[in-house]
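Below is one structure, written out as structure tokens, with a few remarks after it.
Readers should treat all values here as calculations from the given coordinates under stated rules, not as data from a laboratory. Predicted model, so just to flag it, every value in this text is computed and none were measured. Here the Cβ is made from the backbone with ideal geometry for all residues, glycine too, and neighbour counts use every protein chain on show.
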Amino acid sequence: MRIWDVPPERLCRNHLLGEHRELHALWSIIINNKKGYAHHPETMRWRGKLKALYLRHEALVEEMTKRGYKHHTPLDPAFATGEAVQDELVDSYKEQIRLLKERGCDCRV
Ligand SMILES: [Zn+2]
Ligand SMILES: [Zn+2]
């Protein structure tokens, strides 16, 4: 489970759609207080920052829409509370770029 800190427009199709799917799972874990993944580093860093996670979702959806994908799964903005900025990274930005390059996919990194 991973939410990238890379701008959505740089992500290839697989990484963009994959992150979107995982973001919904993560959102559900946090708002429903699910036990599984509760201590996953990605879960930990977004807790108390659902506003920021909401905004990341909006950015992903904007990019998906630009690429012609239809989006039918809006997040409930009532839960979009807490900090609006995510400044705690699981891997540094540099490391994320390295990881994406290593995949050899179409991400523009
Ligand atoms: Zn969505
Ligand atoms: Zn990619």
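General remarks:
- Along the chain, longest interval not containing exposed GluC sites (Glu not before Pro), exposed being DSSP loop plus at most 16 other Cβ atoms within 10 Å: 1-82
- Which listed pairs, of Lys35/Lys101; Lys49/Lys101; Lys66/Lys94, have C-alpha distances above 31 Å, in listed order: Lys35/Lys101
- Of the trypsin sites (Lys or Arg not before Pro) in the range 19-109, those whose Cβ has at most 16 other Cβ within 10 Å and which sit in DSSP loop: Lys34, Lys35, Arg47, Arg67, Lys70, Arg108
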